[in-house]
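Throughout, read-outs are computed from the coordinates displayed, never taken from laboratory work. Source: prediction; values computed, not measured. Please note: Cβ atoms are built from the backbone with ideal geometry, for glycine as well, and neighbour counts cover all protein chains shown.
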Amino acid sequence: MTLLRSGLLDGRTVALAGGVSPAIRDALAVLGARVAELDVGPELGEERSSAWAASMGSPYALVYDAGPAFGGGGHDGLRECLERGWAAVRGVASGALIDAGAGKVVLIGPRPGAGSFAAAARAAFENLARTLSVEWARYGVGTVAIAPGALSIDAELAELVCFLVSPGGEYLTGCVFELH
């Protein structure tokens, strides 16, 4: 029996934000998910992402990749990835996931060698996942973080993301998954 099989994500809309890799987008689509991309540019705010999520017909999950906003790191990269991540997460949750009474938030931190403060960004997303898993449990919204390793390949990351937004991954919340 293959866990990740065609049709597994039929009927689920997965919102992608932050520049999620094409490997993840394609893997989700192959499994039947409807994939929609939220632009997390500098003008993104909670209200805008909330309205976007509501217009999408209640996405089941949000996958936010902090890597592109983190860029080369430093104070500015750390601030950008955290602010954009929070705007996307809070907006999609309040615009769709909480009202639906179910959903998943997957936070992907920057790779360890991405620049100064990469470890701080990864720790921030781990903390956010753990905190929101408690705060949003009453709404049926689970949150997890992924900490890719320096040598993690996109195919491994895509497989993990697909599992986490699948029915099998619904029970996992408040966790950090470290890839090597």
* Which cross-chain or sequence-distant (5 or more) residues have an amide H under 5 Å from the amide H of G115, H modelled 1.01 Å from N in plane? -> none
* Structure fact -> Among (1) 20.9, 71; (2) 14.7, 47; (3) 22.9, 90, the entry matching Rg and Dmax of the Cα atoms in Å as calculated here is (2)
* To do: Filter the DSSP H helices in the chain by two things, a Kyte-Doolittle mean of at least -1.0 and an axial alpha-carbon span of 18 angstrom or more, and list the hits by number.
  => 74-92, 118-135
* **Span from the the stretch 1-55 Cα centroid across to the the stretch 118-180 one, whole angstrom** => 15 Å
* Among the GluC sites (Glu not before Pro) within the stretch 1-51, which fall in a DSSP loop and have no more than 12 other Cβ atoms within 10 Å of their own Cβ? -> E43
* Calculate the dipole size of the chain relative to its Cα centre from +1 charges on Lys and Arg beta carbons and -1 charges on Asp and Glu beta carbons; express the result in debye to the nearest 20. => 260 debye
* Which of the trypsin sites (Lys or Arg not before Pro) found in the stretch 5-36 are loop residues per DSSP with 13 or fewer other Cβ atoms within 10 Å of their Cβ? -> R5
* To do: Choose one of G109, S94, A137: the residue whose Cα lies farthest towards the positive end of the charge dipole of the chain (beta-carbon charges +1 Lys, Arg; -1 Asp, Glu; about the Cα centre).
  => A137
* Asked: Helix-derived [θ] at 222 nm for the chain: sum -39500 (n - 2.57) over DSSP H runs of at least 4, divide by residue count, nearest 500?
  -> -12000 deg cm²/dmol
